[in-house]
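In what follows, a structure is listed as C-alpha cells, so that the remarks can point back to it.
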Amino acid sequence: MCTDGLPLHTRQWGKAIVTRVQILLSEEQDRRPEALARRLGASKSTLVREGVESVLQRREAGNSDPLLELVGQAGPIGRKDVSRRHDAVLGFSRRKKA
C-alpha cells in the first residue's frame with residue numbers, strides 16, 4: 001500500500017482513480033498510436049484509454065462489426081423493394097455516380 005491508502009499500481013488522477021497496467025504490443029502496435037498521438041497533440045495513454053473504452057462499449061453492446069452499425073443509418077430511400085432487389089438498386093446507384 002502507498003501512503004494514500006491505494007495499492008501501489010493505483011493512483012489518483014484528477015478526480016479519477018487510475019490503475020497502472022503493463023501490456024505487450026508489437027512494434028507496429030506501439031508505433032502507430034505514438035505517431036497518432038503526436039499528430040493530435042494528445043498522449044499515447046489517452047489514445048489507449050479511448051481505444052479500450054471503444055472496444056468495451058462495442059463488445060458489451062454485442063456489436064462485433066462496427067460497419068454493421070451503419071446499416072439503416074441513411075433512413076428510407078423511397079423504395080419498398082430494396083431488400084429483394086438490393087443488387088439492382090446498388091448497381092443503379094453505382095451507374096448513376098459514374
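The values are calculated or read from the model by the stated rules, or taken from the named source; none is laboratory data. Only a predicted model underlies this, so the values are computations on that prediction, with no experimental measurement involved. With ideal geometry, Cβ positions are generated from the backbone for all residues, glycine too; neighbour counts draw on all protein chains shown.
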Original post:
Of all residues in region 20-42 being over 19 Å from Thr10 (Cα atoms) and among the polar types (S, T, N, Q), which is surrounded by the most Cβ atoms within 10 Å (Cβ to Cβ)?
Top reply: Gln29
Original post:
When the residues of region 5-19 are filtered to those that are surrounded by 10 or more Cβ atoms within 10 Å (Cβ to Cβ) and either touching a helix residue (DSSP H, G or I) at 6+ places or on another chain (Cβ under 7 Å) or in a loop (DSSP other than H, G, I, E, B) (or both), which remaining residue is modelled with the lowest pLDDT?
Top reply: Leu6
Original post:
What number of residues in region 20-32 are at pLDDT below 90 and out of contact with any His (no Cβ under 6 Å at 6 or more places or on another chain)?
Top reply: 1
